[in-house]
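The structure appears right after this line, and notes come after that.
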Amino acid sequence: MVSNCLDINEKGNLTIGGVDTVQTAKEFGTPLYVFDEETIREACRSFKKSIDQYYDGNGMVLYASKAFACKEMYRIVGSEGLGIDVVSGGELYTALSVGFPADKIFFHGNNKTLDEIQFAVKNNVGHIVVDNITELNTLNNVAKANGQKVNIMLRIKPGIDAHTHDFIKTGQIDSKFGFALETGEALAAATLATTLSNINLTGMHCHIGSQIFETDPFCLAAVTMIKFLQDIKTETGVTLSELNLGGGFGIKYLESDKPRKYDEFMREVSKSLKAKCEEIEFPVPKIFIEPGRSIIAPAGITLYTIGAIKNIPNVRNYVSIDGGMGDNPRYALYKSSYELVVANKASQPKDFIATVAGKCCESGDLIQENAPIQTPQVGDTLAVLATGAYNYSMASNYNRIPRPAAVMIKDGIARMIINRESYEDLVRNDI
Ligand SMILES: Cc1ncc(COP(=O)(O)O)c(C=O)c1O
C-alpha cells in the first residue's frame, strides 16, 4: 500500500500502526482522521539525519505546519528537535500554547496583518520571512516601537518551473508570494532591508512548489539562490549566512507514484549548492528546509462510513460517505489522486469502480472519481489513504457540518488528539 504504516490483518481489515481501522472507526465514530505517530517521527528523523549529514551539522529542518497543525503535532515535531514554519497568527498561537520554542519558528505569509506582526515580534519569533515591501516597513516600525531588532529572511521567487499543478506552483514570477528575482525587485528589497535600523537580514528563502518528484528543480533553485546571495554581497557588501530552500518533496498517493528518498534530495541539492559556493567562493550558508506534506501525509488516513450507493446505468456509480469536501477539499480544489480501500474488505479484490461523493450540497463535493474499490455496501468503512496533509488543516464547516475528530496511534493504542466538533461548537460564536 502507499504507506508503510498500513497493512491488512487476519480478519482482512485494514490496519494502521498495527491497529484495526474498522475497530477504530467503531470506537471513535466517522468521519475520523487517523495518524500513525511512528511514521511522523521516522520522517522527522530521516530529514534531520540527512540535513545534518549533507550540510555538516549546519542545517535545520522546519516542519511546514500548514500541512497539519494542532497542539499534539507541534509537541511531536518539537520533541524530535525540528523547528516549524507558521503562516498565521493562529498557527503561531497554537505552537506557542504548547511551549514550542519561539526561536525555532519561522513566520511566513504574503499578507501578515499588523496584529500578526505585533504578536510575532512580542513573542520573539526566531525569523520572519518577509514577503513584500509594505510588510518590511511595517515590521521595522513595529520592531522599533518594541525596542527590538528582528531576524528576517526575504521570500524570493527564483523563477523555477517545477512541473507541478498550477495551483501549487509558487516559485515562478506570476505568483502572489515574494519578490521576483529576474526583475531586480528582490535585490532592491534586500538592499533596503540591510539599511533598516530594526531589521537583521540573515538570509533568503524560496519555495518552488509542492509534490515535486525530481531533484533538478531543487538543485537549480539552490544554485540560483547562492548566486543571488553573491549578488547581494556585491551590491551591499553584506554576506548573508542563511538560506531556506522551502519544502515540496513529493509523496506516494498512488501505487504508480515513485517518490525519491528524502535523503537523495538532500544529497543532490547539497552537491549542487556546495559546488556553486566553491565556484564563486561564497561561504556555504546554514541551510533550512520546510517539508510539510512529506512529514505528515503518509502518516494519515481518513475513515468514513458508506451510506447511499447509486448506480446510474452507463454513467457511473456514486458511493456516498459521511464526510466529503468539508474534511478533504483537495479533490475539489486540485483533482488530487488518492488510493481508496474498503477497510473491512481490504483483502478482497478491488472489483468495483466508484465515484466517492461527500454529503455537502455541492456537485463538486467528490473525493475521487471512477476509482477502484472493493464492492461496497451500506455501512462499510471506507479508508482514504495518505490524507495526513492538507486535509484537516484545510477543513471547513460548509453546510454546518462539524469537523471530524483526529486520533493518533502509538504502540497499538489510539488516543484522541482533536475532539470531534459538536453542534454547540458550530453555534459558539453566533450572536
Ligand atoms: C513557504 C512554504 N514552505 C513549505 C511548504 C510546504 O510544502 P510541502 O507540504 O509540499 O512540503 C509550503 C507549502 O505551500 C510553503 O508555501
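The values are calculated or read from the model by the stated rules, or taken from the named source; none is laboratory data. No experiment lies behind these values; they were computed from the predicted model shown. Cβ atoms come from the backbone with ideal geometry, glycine included; neighbour counts cover every protein chain shown.
Tabulated data
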{"quantity": "Some residue of region 148-158 being touching a residue at least 60 places away in the same chain (Cβ under 8 Å), assigned by TED's automatic domain parsing to the domain that holds Ile232, within 30 Å of Thr234 (Cβ to Cβ) and touching a Cys at 6+ places or on another chain (Cβ under 9 Å)", "calculated": "yes"}
{"quantity": "Filter result (of a type in the set (A, V, I, L, M) and under 24 Å from Tyr423 (Cβ atoms)) within region 383-411", "calculated": "Met394, Ala395, Ile401, Ala405, Ala406, Val407"}
{"quantity": "Qualifying residue in region 195-202 (condition: at pLDDT 90 or above, closer than 26 Å to Pro291 by Cβ and under 27 Å from the mean Cα position of the chain (by Cα))", "calculated": "yes"}
{"quantity": "Every pair of residues 6+ apart whose Cβ atoms lie under 9 Å, when the first sits in region 88-116 and is touching a residue at least 40 places away in the same chain (Cβ under 8 Å) and in a loop (DSSP other than H, G, I, E, B) while the second is of a type in the set (D, E, K, R) and loosely packed, with under 13 Cβ neighbours inside 10 Å", "calculated": "Asn110/Lys176"}
{"quantity": "Count of region 162-189 residues which are at pLDDT below 80 and either surrounded by 13 or more Cβ atoms within 10 Å (Cβ to Cβ) or not in a loop (DSSP other than H, G, I, E, B) (or both)", "calculated": "10"}
{"quantity": "First in region 199-222 and at positive phi and touching a residue at least 24 places away in the same chain (Cβ under 8 Å), second anywhere and assigned to a helix (DSSP H, G or I) and within 16 Å of the ligand (Cβ to nearest atom), Cβ under 6 Å, 6 or more apart", "calculated": "Gly209/Ile168"}
{"quantity": "Test: residue in region 232-241 that is in a loop (DSSP other than H, G, I, E, B), out of contact with any Pro (no Cβ under 6 Å at 6 or more places or on another chain) and within 16 Å of the ligand (Cβ to nearest atom)", "calculated": "no"}
{"quantity": "Candidate set: region 276-298, residues that are in a helix (DSSP H, G or I), touching a residue at least 24 places away in the same chain (Cβ under 8 Å) and farther than 19 Å from Gly83 by Cα; chosen: the one farthest from the chain's Cα centre (by Cα)", "calculated": "Ile280"}
{"quantity": "Filtered residue count, region 203-218, keeping only those that are buried (at least 20 other Cβ atoms within 10 Å of the Cβ) and either not assigned by TED's automatic domain parsing to the domain that holds Ile156 or not small (Gly, Ala, Ser) (or both)", "calculated": "9"}
